[in-house]
Amino acid sequence: MTRFIALQTDITTLKADAVVNAANRTLLGGGGVDGAIHRAAGPRLLEACRALGGCETGQAKITPAFNLPAKWIIHTPGPVWRGGTRGEEKLLAACYTHSLELAREKGARTVAFPCISTGVYGYPRAQAAQTAFASVRNFVGAHPDAFDIIYFVCFLPEDLALYQKLTESKTC
Ligand code: APR
């Protein structure tokens, strides 16, 4: 059985097996959670990311977590919100699915997601939360023994309220 937990914290402090980074396609760092993760993980992360040669939107790539308490960092560029008619929903769902595929391959039992695309990339947070949760539930429903806990890590109280509603006594 997989538990879904919504919490408000700095994702770089979370001791999950895998922490997901809302990256950009260069994978060379940036602001927001990407910047926080690179700062906390240290310079070896940038070196490892350089070797990855970038990542397409909706895809995901994995590195060690270096100085983070986690074991792995999964880098996934979310879609930039352009009004919702450019396949944003499908691409955002793919970020979650591909991240969970990589986490499962590595045997990660706990995975922490930030609210991908809802900062700089401007994705409306309520729609993003719905898509994120649906995508995660679909994956966990198809792989019920893969994970013990999926964390939805919110930085803002409004995101926490959204994910608390979605995760209320839901397990898979
Ligand atoms: N821990 C958890 N969540 C965080 C943290 C943190 N330390 N810092 C920011 N966040 C939250 C933001 O509040 C937002 O809810 O992460 C969510 C995603 O926001 P962004 O980091 O801006 O990511 P995104 O909207 O996907 O834009 C990605 O921004 O930082 C650049 O390099 C990144 O170009 C890429 C773009």
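Throughout, read-outs are computed from the coordinates displayed, never taken from laboratory work. In this text, all values refer to a predicted model and were calculated from it rather than measured experimentally. Every residue, glycine as well, gets a Cβ built from its backbone with ideal geometry; the counts of neighbours run over all protein chains shown.
Here are the numbers:
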item	result
Estimated FRET transfer efficiency (Lys90, Asn67; beta-carbon r; R0 41 Å; 0.05)	0.75
Length-normalised contact order of segment 1-110 in % [C-alpha pairs under 8 Å, at least 6 apart]	29
Average projection area in nm² (convex hull over Cα atoms of segment 87-155, one quarter of hull surface)	4.5
Proximal aspartates and glutamates relative to Lys15, as straight alpha-carbon distance under 15 Å, when same-chain residues fewer than 8 apart are discounted	Asp148
Relative packing of peptides 123-134, 42-53, 1-12 - highest average C-beta neighbours within 10 Å first	123-134, 1-12, 42-53
Distance from segment 50-69 to segment 80-135 (C-alpha centre basis), Å	15
Relative counts (whole %) of C-alpha pair distances in the chain, using bins that are 5 Å wide	2, 10, 20, 24, 23, 14, 6, 1, 0
5 Å binning of all Cα-Cα separations within segment 1-85, expressed as whole percents from 0 upward	3, 15, 25, 24, 17, 9, 6, 1
Inter-label distance, nm, simple model (7 Å from Cα along the C-beta direction), Lys106/Arg82	3.1
Contour excess over end-to-end distance, with Cα ends at Ala161 and Val120 and 0.36 nm allotted per residue	12.7 nm
Range of Cα positions in segment 64-107 per principal axis (Å), largest first	38, 21, 10
